[in-house]
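Encoded as structure tokens, the structure appears first; notes follow it.
The values are calculated or read from the model by the stated rules, or taken from the named source; none is laboratory data. Note that the structure is predicted; figures quoted are calculated from it, not measured. Because the Cβ atoms are built from the backbone with ideal geometry, glycine has one as well, and the counts that use them run over all protein chains shown.
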2 protein chains.
Amino acid sequence: MSGGFWINGVDADALTVLDRGLHYGDGLFETLAVTDGEIGLLDYHLERLRDGCQRLAMPEPPSGLREELLAAAAGQSRAVLKLLFTRGAGGRGYLPPEDPAPTRILIRYPWPDHLQDHVDAGVRVRVCSTRLGRNPRLAGVKHLNRLEQVLARSEWRRWDGIAEGLMLDEGGLVIEGTMSNVFAVHGDGRLATPALAQCGIAGVMRRHLMLQAGREDMPVWTVDLSLTELLRAQEIFVCNSIIGVWPVIGVDGQAFEIGPVTRRAQQWAMQARSGREI
Amino acid sequence: MSGGFWINGVDADALTVLDRGLHYGDGLFETLAVTDGEIGLLDYHLERLRDGCQRLAMPEPPSGLREELLAAAAGQSRAVLKLLFTRGAGGRGYLPPEDPAPTRILIRYPWPDHLQDHVDAGVRVRVCSTRLGRNPRLAGVKHLNRLEQVLARSEWRRWDGIAEGLMLDEGGLVIEGTMSNVFAVHGDGRLATPALAQCGIAGVMRRHLMLQAGREDMPVWTVDLSLTELLRAQEIFVCNSIIGVWPVIGVDGQAFEIGPVTRRAQQWAMQARSGREI
């Protein structure tokens, strides 16, 4: 019941091989959590998508996209929606068509297992050897060029208790997880998350947590974070729209405690399940 | 007559929306020149594709790929073949399937106009503001993450005599054109091309020209090339499998002459039209 495929609003599961999303990764995506027919942080997802369109100089999605997403969510107790939004079909060559007709591809997946276990007990993570290249033109954008993440996630193949990998950039700064953003609580109580000016994806859950923390007088510092500094943190957690907040209880060999800020962040994440204003 | 589409060897022009080439740019491509039913530098293309599969830890293409390409070339006086080779369909998430079934997508395009004009008269190029991020894990590989090239090529929209854009990396070194590799003849007669250890695509025409130059006692130096150094060159040319060698007669405001090394390189490029051993 949870599966489903739509292209430009029509039931379809096959795409022209001329689509620029395939040829160049010329497009964007959003991964959305459905709970009881509602989509968590829907406004943030739609805002980020529009922002990404501006960054890539693509036409914005049609105004009916919100309703299209909600229609795919309707009646689902829990599901994942993935929306791909590409620059559409094109001729040969990098030059975009003068008047592109973007393609929106919507896929509904079953809700993944094991997420709640990780929320409760925390996860161990590894530091990936695959680095993120720096490019401010693309930094923060949730675009379809994701080979760095694929290579990083390929570094550990089998289930060995590792649930996520941390990625550093070419300069050695901690940027994010392969599929998540990272927060650290420092010894002085400051809550910090890596700046994403050079690379990384600006997650909507990251945005939500930063706002909620600020409302509780716990401003989040966006910082250049070395691995050494991260490993000195009191608490570490990773987040995204689907997983919510996972406490990090180990980074390679080093153990971490699950602390009060992380548990508070989990409550903020729970508030994001509804699509309504928070 | 020149158009054609095949997926995994079968006539087809639509691809499952679950393909990882679409979701992540998780794959490779080759663009091949067909002349009188033969494919130029076919061995080099196939070697680079296999090398790329190793770099991305993908299964190699089937041994029948050469015949499949030649069948698509058969009877064509001039055409372009584009082969995309992806990791195939997958579930949600970056982790590749343990036993991926790659997808090969082959598209035959008409031969583009105007190429010979540029070979004869040379081209003006611009220096793009979009930079290439550095990532040695992906450097040289002709993979499907090409947003940097799309953004760079989008910097000039209309025909204004500019045929190509030069791309610098994040450190300011000249790396390549948006769709070509770059060579420079320095004042001391040395022939040089940028090193591709940090970014860029290792073109098969670049490889061919380096080999031919070496055979004529004109070794090609692979160098870190600043824009200042490039602009001091006696001759500049750009190359790829389709265009052959284009002399550069202008970089932004600065004019360049078409020199003897460039004309010699064009003869080497002509020799690459046949798929036979050279």
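Miscellaneous remarks
- Residues satisfying the stated conditions in the range A:197-209, i.e. crowded, with 21+ Cβ neighbours inside 10 Å and more than 14 Å from chain B (Cβ to nearest Cβ): A:Gly203, A:Val204, A:Met205, A:Arg206, A:His208, A:Leu209
- Under the condition of being of a type in the set (A, V, I, L, M) and within 14 Å of another protein chain (Cβ to nearest Cβ), the residues counted in the range B:174-185 number 2.
- Every test in (1) over 21 Å from B:Pro136 (Cα atoms); (2) in a helix (DSSP H, G or I) is passed by B:Val150 save one, and that test is (1).
- Residues that are part of a loop (DSSP other than H, G, I, E, B), at pLDDT below 95 and over 17 Å from the mean Cα position of the chain (by Cα), drawn from the range A:111-143: A:Asp113, A:His114
- Some residue of the range A:70-88 being of a type in the set (A, V, I, L, M, F, W, C), within 8 Å of chain B (Cβ to nearest Cβ) and either farther than 28 Å from B:Pro97 by Cβ or more than 19 Å from the chain's Cα centre (by Cα) (or both): no
- For the range B:260-270, filtering for residues that are small (Gly, Ala, Ser) and in contact with a Phe, Trp or Tyr (Cβ under 9 Å, 6 or more places away or on another chain) leaves 1.
- Search result, residues across the range A:1-17 that are in a loop (DSSP other than H, G, I, E, B) and either more than 9 Å from chain B (Cβ to nearest Cβ) or buried (at least 18 other Cβ atoms within 10 Å of the Cβ) (or both): A:Met1, A:Ser2, A:Gly3, A:Asn8, A:Gly9, A:Val17
- Pairs with Cβ under 7 Å, 6+ apart, first in the range A:223-251 and buried (at least 24 other Cβ atoms within 10 Å of the Cβ), second basic (Lys, Arg): A:Cys239/A:Arg206
- Flag for A:Gly275 being modelled with pLDDT under 95 and within 19 Å of A:Cys128 (Cβ to Cβ): no
- Residue check for A:Gly165: closer than 14 Å to A:Ile236 by Cβ and not in a loop (DSSP other than H, G, I, E, B): yes
- Where B:Pro102 falls short, out of the listed (1) over 25 Å from A:Asp19 (Cα atoms); (2) more than 9 Å from chain A (Cβ to nearest Cβ): (1)
- Screening A:Pro59 with (1) part of a loop (DSSP other than H, G, I, E, B); (2) farther than 30 Å from B:Thr31 by Cα gives one miss only, at (2).
- Hits in the range B:118-169 - residues which are within 9 Å of chain A (Cβ to nearest Cβ) and aliphatic (A, V, I, L, M): B:Leu132, B:Leu138, B:Val141, B:Leu144, B:Leu147, B:Val150, B:Leu151, B:Ala152
- Given (1) part of a strand (DSSP E or B); (2) within 11 Å of chain A (Cβ to nearest Cβ), index of the condition B:Gly93 fails: (1)
- Meets criteria (free of Cβ contacts under 8 Å to residues at least 60 places away in the same chain, of a type outside the set (A, V, I, L, M) and more than 9 Å from every other protein chain (Cβ to nearest Cβ)) for A:Gly64: yes
- Checking B:Leu83, B:Leu106, B:Leu95 one by one, the residue that is without any contact (Cβ under 8 Å) to a residue 24 or more places away in the chain, assigned by TED's automatic domain parsing to the domain that holds B:Asp26 and surrounded by 14 or more Cβ atoms within 10 Å (Cβ to Cβ) is B:Leu95 and no other.
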